[in-house]
Amino acid sequence: MVVAFVDDAGVTVEPQRTFTVHAFLAFVRAEEAARRDQRAPRWVWEDTASFYPLLLAADVRVQRCHDLRLCHTILRNSSLTQSSDLAAAAPGFWDAAPALEPTIRHQGTALFELQVEADPPVDTAPEFHRQLAAVAASAEPRRIRLLLAAESAGALVAAEMRFAGLPWDIARHESLLTRELGPRVPYGVRPERLEELAGTIRALLGDRTLNPDSQQDLLKALQNAGLPVTSTQQWHLKEVDHPVIEPLLHYRKLSRLLTANGWSWLDAWIVDGRFHAEYLPGGVVTGRWAARGGGALQLPKQVRGAVIADPGWTFVVADAAQLEPRILAALSADLAMARAGHDTDLYAGIVASGVVETRAHAKVAMLGAMYGATTGESGRLLPRLARAYPRALALTEAAARTGERGDIVTTRLGRSSPRPPDAWLAGQAQAYAASASGADERRARSQARDWGRFTRNFVVQGSAAEWALCWMAEIRQQLWLLDNTAPAAGLGPGIFASAPHLVFFLHDEIIVHTPIALAEQVTTLVGRAATSAGKLLFGDFPVDFPLTVATVANYADAK
DNA sequence: CACAAGCGCCAC
DNA sequence: AAACGTGGCGCTTGTG
């Protein structure tokens, strides 16, 4: 492996060196240890997800990195760097999907199974220089630089969380399954409780062969039994008065538990008592993370009782209270809205200001403003919200109009929305042609509004994702410092064996797994990190980012 | 046989 | 009450 040494401007400061894999691991370990009290090195590499697991498997953590692939995507699309050489170049290697990463399900994986370098090896220096140039020439270098740092730190966090894993109590999960579904059965066989319910449903609908898993069959059977239904969705079925509805909804609930988080899921995803979720930083266009396999970002509340801290350890579970409306208040510099959330639940503050009558109304109206609701309760309440918070609502409206025109919008730190697809542009163009029919125009208007709702939400969701990245990066750094108070901690075998560490992330919520004795310190630093994240994004604008924090041994007790 | 679309439901 | 954003995933069903 080849390591080049450059300064912040990308200028070579030492001759490059070539290492074997094992020598490289020792080198990184030594560099991180030697500079622990100074400014740590920033490792510039192609792709954290394929590279960092190698280091973690060898018990080596790094403090900082620059993920060329993730940063390239941001710079390629950002309105803040649109005149750079990087953005102008034809799509190439750095725009392609990353190579298939090595599979590391747990720390027992042997080193020789890991692919260290791309084949053929990638020359990272030219791309790094293009990126530095794009940042330097940006209209907002401070923001875009912060975004790249936060995105890269997020990639480190994602790899570390996958490596450490979320503690999972298989016995407790299995007892839940047995209690709800009956004894374990082989894959493909209906568990006892589901079979009983299927029988009840068939009898009540007079259809001996009905498969309740088939939406088509089910809809026909319901209609044949005289029920006035056009879909089999839960909310729809709940409005119908018939004896079959209760067992049917129960069947659906249990079936979901079996297929999404049943015995097969346990077998596939829980290794050594840990759920090693694979997060995909930057996996969503808005900058949110996605996840692959195991449904890490959709863990049902129903199974969270199986998330149990190790003996002598506990969880600090923290979620940002009303994150997106607070982000909107700060983005739009809407002082009235920021004040409504000062020292209180933001929705309660809106009620206290006399804008709407109940917290539920405040919430549905705010969500409607951010998602683009036009009808129902939310649509009715919007005008009152717009009177009380004109700046905030003007921002969401402007973002929607921008999208309807086919233009792009940009988050606080500089992530821009994609351009609409060609089919969308063609549809809009067609609606203006002389030959356009009324149907063409209606379709084009409808598609324009759809894209407007996307850009409307993009600004808020994407800026909230940036806040969350900064929050996590700060938590990670502070946990590292806490860890460093112990001699040589973090750099020996089992790097997360004795120190508090992040184990879960869900858009606006984190879990730290920590020795009980350190839980109070962790709680304090997580709260401070939220404040720091707010300052990084919005400077001195007076917006609060309060957390709901719980110290619990069982995730299900967090809320 | 593999794969994709449509549906439904989980999370935020 | 049910239309309003971002996703992943498992099932059935249709198609190549």
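The values are calculated or read from the model by the stated rules, or taken from the named source; none is laboratory data. Since we're looking at a predicted model, the values are computed, not measured. Cβ: placed from backbone, ideal geometry, glycine included. Neighbour counts: every protein chain shown. Side chains included, ligands, DNA and RNA excluded: accessible areas come from the protein's heavy atoms. Shrake-Rupley method; radii C 1.70, N 1.55, O 1.52, S 1.80 Å.
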In chain A, with Lys and Arg counted as +1 and Asp and Glu as -1 at Cβ, which of these residues, A:Ala155, A:Val189, A:Ala362, has the Cα nearest the positive end of the dipole, that is, farthest along it? A:Ala362
Using the scaling law 2.2 N^0.38 Å as the reference, what is the normalised Cα Rg of chain A? 1.07
Defining a contact as two alpha carbons under 8 Å apart and six or more residues distant in sequence, what relative contact order in percent does region A:170-267 show? 29 percent
Go through A:162-170, A:353-361, A:366-374 and give me the packing order, highest mean Cβ count within 10 Å leading. A:162-170, A:366-374, A:353-361
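Using a Förster radius of 35 Å, what is the FRET efficiency between A:Lys253 and A:Ala423 based on their Cβ-Cβ separation? Nearest 0.05, please. Display every interim value, and only then the final one.
Working: r = 38 Å, r/R0 = 1.09.
According to the calculation, E is roughly 0.35.
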Chain A: relative contact order from alpha carbon pairs under 8 Å, six or more residues apart, as a whole percent, is 17 percent
In terms of the Cα gyration tensor, with a ≥ b ≥ c the square roots of its eigenvalues, is region A:1-57 rounded because a/c is under 1.5, prolate because a/b exceeds b/c, or oblate? rounded
Derived scalar couplings ³J(HN,Hα) [region A:497-502; Karplus, 6.51 cos²θ - 1.76 cosθ + 1.60; whole Hz; x for Gly, Pro]: 6, 10, 10, x, 7, 5
Here region A:324-459 gives, from Cα atoms, an Rg and Dmax in Å of 16.9, 58
The set of residues whose placed amide H lies less than 5 Å from the amide H of A:Phe504, leaving out same-chain residues fewer than 5 positions away, is A:Ile511
Could you tell me the largest-minus-smallest coordinate of the C-alpha atoms of region A:189-248 on each of the three principal axes, in descending order and whole angstroms? 30, 19, 18
Which of the peptides A:329-335, A:240-246, A:251-257 is most tightly packed, and how do the rest follow, going by the mean number of other Cβ atoms within 10 Å of each residue? A:329-335, A:251-257, A:240-246
Please sort A:547-556, A:467-476 by packing, taking for each peptide the average over its residues of neighbouring beta carbons within 10 angstrom, highest first. A:467-476, A:547-556
Surface accessible to a 1.4 Å probe, per residue, for the residues of chain A, Å²: 46 Å²
For A:Phe275, what residues show an amide H to amide H distance below 5 Å, using hydrogens built from the backbone and excluding near sequence neighbours? A:Leu166, A:Trp168
Cross-link candidates for A:Lys363: which lysines have Cα within less than 28 Å, leaving aside residues fewer than 8 places away along the same chain? A:Lys238, A:Lys253, A:Lys301, A:Lys535, A:Lys559
Would you please give the residues with an amide H less than 5 Å from that of A:Val409, counting only those at least 5 places away or on a separate chain, with H modeled from the backbone geometry? A:Ser417
Let's see if you can work this out: charge +1 on each Lys and Arg Cβ, -1 on each Asp and Glu Cβ, no other charges. What is the dipole magnitude of region A:324-459 about its Cα centre, in debye to the nearest 20? 100 debye
What percentage of the solvent-accessible surface of region A:127-270, computed with a 1.4 Å probe over protein heavy atoms, is contributed by carbon and sulfur atoms? 51 percent
Say the dipole of chain A comes from +1 at the beta carbon of Lys and Arg and -1 at that of Asp and Glu; which of A:Ile408, A:Ala394, A:Leu547 then lies farthest toward its positive end? A:Ala394
